[in-house]
1. Can you confirm whether R59 is buried (at least 19 other Cβ atoms within 10 Å of the Cβ), among the basic types (K, R) and part of a helix (DSSP H, G or I)?
2. Taking the criterion of being crowded, with 21+ Cβ neighbours inside 10 Å and among the polar types (S, T, N, Q), would at least one residue in region 75-92 satisfy it?
3. Can you name every residue in region 13-40 that is out of contact with any Asp or Glu (no Cβ under 9 Å at 6 or more places or on another chain) and at pLDDT 80 or above?
4. Test P131 against the criterion of being closer than 30 Å to L38 by Cβ, in a loop (DSSP other than H, G, I, E, B) and not hydrophobic (A, V, I, L, M, F, W, C), and give yes or no.
5. From E43, E105, grab the single residue that is surrounded by fewer than 19 Cβ atoms within 10 Å (Cβ to Cβ) and at pLDDT 85 or above.
6. Considering region 33-75 alone, what residues qualify as being among the polar types (S, T, N, Q) and in contact with a Lys or Arg (Cβ under 9 Å, 6 or more places away or on another chain)?
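The values are calculated or read from the model by the stated rules, or taken from the named source; none is laboratory data. The structure displayed is predicted, hence computed values, not measured ones. Because the Cβ atoms are built from the backbone with ideal geometry, glycine has one as well, and the counts that use them run over all protein chains shown.
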Amino acid sequence: MRELADGPGRFNFAHALIQHTLYRDLGPTRRARAHRTLAEALEELCGDHPGMRVGELARHWIAAQPIDLAKAIRYSSQAGDAALSALAPADALRYYAQALELQTEVADPDPVRGLDLAIGLGTAQRQTGDPTSRDTLLAAARPSCRSRRYLPLVAAALANDRGYTSDNNVTDTDKVDVLEMTLDRLPADDPDRAVVLATLCSELSYGSPLERLQAFGR
């Protein structure tokens, strides 16, 4: 370890193990304050465009003391979105789960943010092959069904599709119900109607009479 010449309190470590050892030796209070200092420094450095450093911001704000729940949730959500875009669903799964857990600590949580996080979590679960993604996305769709906002309902319904029917020779009635309600809510000229309709017809491929499928084209 050597001290850098460009400012007091700045050091360079020859090996990451030294850095990790020093970090573990810090007490919990000093460690949490250090995370907050780093989080604030990163915000000042990155401004409104954290880019690839959004994961670091999420980690530091979660570990900071005193914790800023709003920032911890926002950066965790953004980190989850970035991980999905980067084809890293396992990382996205962790970020969304963290954000949802923090959301439970908020006195007056934003329901829209909660829906977005649940949809992100379900999407990450589906991409990692976790079968619980179905239930996560169905649970996200239910409050959307009671709301006047149809966009979260569309997002939850379409995210719950693997590109083919849920199960051979079995109709997933829960998913069909959500898709039918989504179709009813969508304006006639909305481009998502075609995707929702195709997904619904795929789910109805087995055990549904031809007349029911033909009726959607009228």
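1. Working: buried (at least 19 other Cβ atoms within 10 Å of the Cβ): yes; among the basic types (K, R): yes; part of a helix (DSSP H, G or I): yes.
Yes; evaluated as a whole, the condition is true for this residue.
2. There is at least one residue in region 75-92 that is crowded, with 21+ Cβ neighbours inside 10 Å and among the polar types (S, T, N, Q).
3. Listed by number, the residues that qualify are T37, E40.
4. In short, no.
5. Matching residue, one of E43, E105: E105.
6. Q65, the sole residue that qualifies.
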